[in-house]
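Beneath this line is the structure, given in structure tokens, with notes to follow.
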Ligand SMILES: Cc1cc2nc3c(=O)[nH]c(=O)nc-3n(C[C@H](O)[C@H](O)[C@H](O)COP(=O)(O)O)c2cc1C
């Protein structure tokens, strides 16, 4: 951590001409500002069919009306057994495409960008949630749980033991990400984020503490990142050239001998060569029972390091809750955009409030025209 703090001091010299409310270009897409909603699983596909519901419509469209530049829809499973919980949304069939479409249209109608995070949960799948019970535990088979899979038969904490994937099955998962991306395009999404963070399947492959394979998908960093690289290539081959591709990655697992910043920078450099336009930098979630020094901006120095060393645009996330705090991160060039997570759960209009607080004229704030008369 001292390394990170030391290097971040240097980065404070980096200037950025952008501010929180200036547009950002990613390939052929312009995002109206630098305040984005990160993916947050709502575990609310209550019919357990992976289809988003009217709840999801309200949840996402209200934040889009509240002025967020990009709305990144929650971890969306590429296969039923890739769900975190039985109530996760998905894009593994065409019915789900139809269910997403009106939500995507609703988000886009406000001027926000609709993005989706594609996920396979691997050994952290089949877990409970408020709609299912078994919160913080594996869901038993008789209650709708399933056999989880992973690079190696190593359980996450007290979760059920996963089964190691065969090479053919790994190829099948690459195809599932590719098909889900094609469905995301069909649903109208304008950007795709690959979930390679927080200890879900791709992250399990990256981290030597969860990947003990001796074949081409394990061993050195090139082997451990092979799954992610193949997924990037596969998705790039089915989405339009002008559509941005994002990767969310944990920059450290906060555990000795595991995943760290240097490997993250290597991965960021590599995926950039494979068509990735932005890295969404988070941390943790891979190894249980670690101590994370959670405080405002605690993940920002990691984002800055990835931005500077890999030369790729980044978003920062994690306890960014105040307008001035967010504005500083962008103005200093510590990140290209910020993501506001839990603060957006309690305040869908966070960006509009921030605009008022920062003195942005109403005409330049992301108001819906119908709401200007009620402006802050
Ligand atoms: C309820 C909830 C669900 C989350 N689900 C996801 C998810 O689906 N995918 C993901 O990458 N991160 C997920 N996260 C992490 C958030 O995207 C974000 O990184 C984290 O909350 C830190 O940002 P914050 O301090 O602004 O909330 C979730 C967080 C919360 C609170």
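By the compact-protein rule of thumb, 2.2 N^0.38 Å, the alpha-carbon radius of gyration of segment 114-257 corresponds to a ratio of 1.07.
Would you list 295, 332 from fewest to most Cβ contacts within 10 Å?
Working: 295 8, 332 16.
If I rank by nearby Cβ atoms, fewest first, I get 295, 332.
Ordering 102, 259, 350 by the number of other Cβ atoms within 10 Å of each residue's own Cβ, fewest first, gives 102, 350, 259. Summary of packing: across the peptides 48-54, 296-302, the per-residue average of other C-beta atoms within 10 Å ranks them, highest first, as 296-302, 48-54. Helix content alone sets the calculated 222 nm mean residue ellipticity of the chain: runs of n ≥ 4 DSSP H residues at -39500 (n - 2.57) each, divided across all residues, give -10000 deg cm²/dmol. Legend: Rg and Dmax of segment 226-376, from Cα coordinates, 17.6, 56 Å.
Using only the C-alpha atoms, the convex hull of segment 298-376 corresponds to 95 Å³ per residue. Each residue, residue 237 and residue 109, gets one label point 7 Å from its Cα in the Cβ direction; the gap between the two is 3.7 nm. Each listed q (0.09, 0.13 Å⁻¹) maps to a log10 I(q)/I(0) for segment 2-363 from the Debye sum over equal C-alpha point scatterers, namely -0.45, -0.99. Exposure proxy for 179, 143, 242: other Cβ atoms within 10 Å of each Cβ, ordered fewest to most, give 242, 143, 179.
Starting from 0.36 nm per residue, how many nanometres of slack lie between residue 353 and residue 298 once their C-alpha separation is accounted for?
Working: separation 55, 0.36 × 55 = 19.80 nm, distance 2.34 nm.
So the extension gain works out to 17.5 nm.
Against the empirical 2.2 N^0.38 Å scaling, what ratio does the C-alpha Rg of segment 205-314 come to?
On the way: Rg = 14.2 Å, N = 110, 2.2 N^0.38 = 13.1 Å.
Compactness ratio reported: 1.08.
Which length gain, in nm to one decimal place, applies between residue 309 and residue 19 when the Cα-Cα distance is subtracted from 0.36 nm times their residue separation? Let's see the in-between values first.
On the way: separation 290, 0.36 × 290 = 104.40 nm, distance 2.19 nm.
Length gained between residue 309 and residue 19: 102.2 nm.
Modelled label positions at residue 102 and residue 55, each set 7 Å beyond Cα in the direction of Cβ, lie 1.7 nm from each other.
Label zone (residue 289, point 7 Å along Cα-to-C-beta; backbone nitrogen cut-off 20 Å) within segment 147-161: 152-161. Between residue 363 and residue 142, the simple label model (points 7 Å from Cα in the Cβ direction) yields a spacing of 6.8 nm. Fully extending the segment from residue 186 to residue 166 would add 4.2 nm, taking 0.36 nm per residue of separation and subtracting the current Cα-Cα distance.
Just for segment 2-363, what percent of DSSP beta bridges are antiparallel, to the closest 5? So the antiparallel bridges amount to about 15 percent of the total. Fraction of C-alpha pairs exceeding 13 angstrom in segment 28-74: 59 percent, rounded to a whole number. Here the peptides 263-269, 18-24 are ranked by packing, the mean other Cβ count within 10 Å, and the order with the highest first is 263-269, 18-24.
Read-outs throughout are calculated quantities, based only on the coordinates presented, and are distinct from any laboratory measurement. Remember, predicted model here, so these are calculated numbers, not experimental data. Neighbour counts are summed over all protein chains in view; Cβ atoms, including those assigned to glycine, are modelled from backbone coordinates with ideal geometry.
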